[in-house]
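Before any comments, here is the structure.
The values are calculated or read from the model by the stated rules, or taken from the named source; none is laboratory data. The model shown is predicted, which means the values in this text are computed figures rather than measured ones. Reconstructed Cβ throughout: ideal geometry from the backbone, glycine too, with neighbour counts over all protein chains shown. For accessibility, only protein heavy atoms count, side chains too; no ligands or nucleic acids. Shrake-Rupley method; radii C 1.70, N 1.55, O 1.52, S 1.80 Å.
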Amino acid sequence: MNILSPELLVPLITEWIQGGRLIFATCSVLVALLSSVFLVAHFRTPMNLPPGPKAMPLLGNLLQMGSHPHRTMTAMHKKYGHILYIRLGCIPTVVVDSPQLIAEITKEQDNVFSSRPHMTFTDIVAYDAHDFAMAPYGPHWRYVRRICVHELLTPKRLEITMKERIEESRCMIMAVAEAAQKGEIVDMRDVFAGVSMTVMCRMLLGRREFAATGKKAKDFKHLIHELFRLMGALNLRDFVPALGWLDLQGFERDMYKLRDEFDEVFDAVIQEHRDLASGKLPGGKPNDFISVLLDLPGENGAPHLDDKTIKAITLDMMAGATDTSAVTNEWAMAEIIRNTEIQRKLQEEIDSVVGLERNVQESDINKLPYLMCVVKETFRLHPAGPFAIPRETMADTKLSGYRIPKGTRVLINIFSLGRSSETWKDPLKFQPERWANENLSAIHDMGFRILPFGYGRRQCPGYNLGTTMVLLTLARLLHGFKWSFPPGVTAENIDMEELYGCTTPLRTRLRTIATPRLAPHLYSQ
Ligand code: HEM
């Protein structure tokens, strides 16, 4: 549901006014109206902005967005073209969906388009932009990003942590085999969310208990769920700042609560790592990302990274890695089960490389080109997120001949890009074969026809790890089991609609029946 829809906003405002704060409300609305009118006037002159629908004062085009803003904007692209100008509250926003415009933004003019907008979530949850996914372009972002790319996500470190990924995929296979044996239906969302979270918890924090079973695991899963809910929330303060202090939607209250809860977990983990490193606790120094971060020098000559930055980086990696790979896997699996021929071809390919006497290893996944085609097709038709993370222009510029003022928010509509009939034949059909003659080892599509990991300075630093996690999980599940839908669900009637958020999972959880296809001893190795 769109939390800015009139059905929700009207009762909220009514209740608030009845609460006796009418004068303040009126003043706020007036200030907001005036600032909105000022901003519109400011950004509208001189003209030559990209085309777009008419905007209301104050709320701009917010109320037109509906429950699926990415689809609404896709429809707007059809009417106004590949570059679109809208106002989200007071925020002037440009939305693009063509390969040419995306290349212009992420490659040719990357130096202008590489900042991030200021958002309440960044201040509260992302530790005042001490992270780097939400941080504005500048020295701090550069410093932290360099740490992640050169210290945490290096090929060497990914090799060291391979053991954890293999162990967690073994646990996943055992759990599915157990459900299969009991004749239970398997909830694939739980399977994919579980494995991505256990892998990341072990790689980052060196701990498994947050992601296994029990109270700690349940609480941590709830925190991650809250993280995504609040990250994707359309918070009124971000669009109509003059009304922000009301916190009508209650998001800010929830953000502070979430930040405190994450703090509690991360503070305890960091302290434990310090005690292990100093010998105060037995067990020796762990070999995880937190340990690496604790050993690094800080910014501007400081001897160590401050705890705030360590926590912000950890949160970025957790948020960047878990939901994206889980959502991709769930969509891929739904398409594979819908199409028995695709499932058959995948199993034939995996069997021919791995055989039936051992389990899939990470070293096998580069030898599975058809599986890569399936994943690329999933990135195209069902991108993990409908938009890349919002960008903001750092200077006045031009795009496709239109004027784009400094401070404009820029949304890349990845959803619309992958479904364009100008680029794709039968765009709504899931056809892995369309990738057969492409360079499958290239992560980025240099024709910018898909954009699973963004591109340029702000591109995803975790694309290698993300792709490995997706491929390994799918390969293991397809090698281990034959998959089908539970009674009553068919390829024709399965709900293939998506739920809008910063990631877009299937609207209805994917439930399946798994039938083992390997010798029993391989489910415990
Ligand atoms: C299938 C898995 C993944 C997908 C589909 C994905 C997708 C993306 C996309 C679309 C962006 C935005 C790029 C842009 O703004 O142009 C991004 C950024 C980012 N991703 Fe990923 N990602 C994945 C896995 C990961 C992993 C494994 C990590 C870390 C361990 C990660 C960490 C990040 C971070 C920190 C950013 C922000 C970079 C910056 O602003 O400088 N992602 N990702």
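Key figures for this structure:
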quantity: Test: Val375 is outside any helix (DSSP H, G or I) and open to solvent by less than 10 Å² (accessible area, probe 1.4 Å); calculated: no
quantity: Positions within segment 217-259 being within 21 Å of Thr504 (Cβ to Cβ), at pLDDT 90 or above and among the aromatic types (Phe, Trp, Tyr), in sequence order; calculated: Phe239, Phe251
quantity: Condition check for Glu341: open to solvent by 10 Å² or more (accessible area, probe 1.4 Å), modelled with pLDDT of 95 or more and out of contact with any helix residue (DSSP H, G or I) (no Cβ under 7 Å at 6 or more places or on another chain); calculated: yes
quantity: So Gly206, is it open to solvent by 30 Å² or more (accessible area, probe 1.4 Å) and among the small types (Gly, Ala, Ser); calculated: yes
quantity: Subset of segment 508-525 that is free of Cβ contacts under 8 Å to residues at least 40 places away in the same chain and exposed (fewer than 10 other Cβ atoms within 10 Å of the Cβ) - its residue that is farthest from Lys345 (Cα to Cα); calculated: His521
quantity: Subset of segment 412-451 [within 21 Å of Leu368 (Cα to Cα), crowded, with 21+ Cβ neighbours inside 10 Å and among the β-branched types (Val, Ile, Thr)]; calculated: Ile450
quantity: Residue list for segment 388-408, restricted to those being under 15 Å from Leu451 (Cα atoms) and buried (at least 20 other Cβ atoms within 10 Å of the Cβ); calculated: Ala388, Arg391
quantity: Of all residues in segment 270-292 being part of a helix (DSSP H, G or I) and polar (S, T, N, Q), the one that is surrounded by the fewest Cβ atoms within 10 Å (Cβ to Cβ); calculated: Ser278
quantity: Selected residue (criterion: nearest to Leu474 (Cα to Cα)) from residues of segment 345-365 that are surrounded by fewer than 12 Cβ atoms within 10 Å (Cβ to Cβ) and among the polar types (S, T, N, Q); calculated: Ser363
quantity: Residue in segment 98-115 that is nearest to the ligand (Cβ to nearest atom), counting only those that are assigned to a loop (DSSP other than H, G, I, E, B) and open to solvent by 10 Å² or more (accessible area, probe 1.4 Å); calculated: Asp110
quantity: Failed item, numbered, when Ile412 is tested on (1) part of a strand (DSSP E or B); (2) more than 12 Å from Leu101 (Cβ to Cβ); calculated: (2)
quantity: Candidate set: segment 452-507, residues that are within 15 Å of the ligand (Cβ to nearest atom) and of a type in the set (D, E, K, R); chosen: the one surrounded by the fewest Cβ atoms within 10 Å (Cβ to Cβ); calculated: Arg457
quantity: Some residue of segment 116-129 being open to solvent by less than 30 Å² (accessible area, probe 1.4 Å), of a type in the set (Lys, Arg) and within 16 Å of the ligand (Cβ to nearest atom); calculated: yes
quantity: Residue match in segment 132-143 (condition: within 11 Å of the ligand (Cβ to nearest atom), part of a helix (DSSP H, G or I) and buried (at least 17 other Cβ atoms within 10 Å of the Cβ)); calculated: yes
quantity: Scan of segment 291-324 for residues that are more than 16 Å from the ligand (Cβ to nearest atom) and of a type in the set (Val, Ile, Thr), ordered by number; calculated: none
quantity: Total residues in segment 341-369, condition assigned to a helix (DSSP H, G or I) and out of contact with any Lys or Arg (no Cβ under 6 Å at 6 or more places or on another chain); calculated: 20
quantity: Counted residues, segment 149-179 - those being in a helix (DSSP H, G or I), within 16 Å of the ligand (Cβ to nearest atom) and open to solvent by less than 30 Å² (accessible area, probe 1.4 Å); calculated: 5
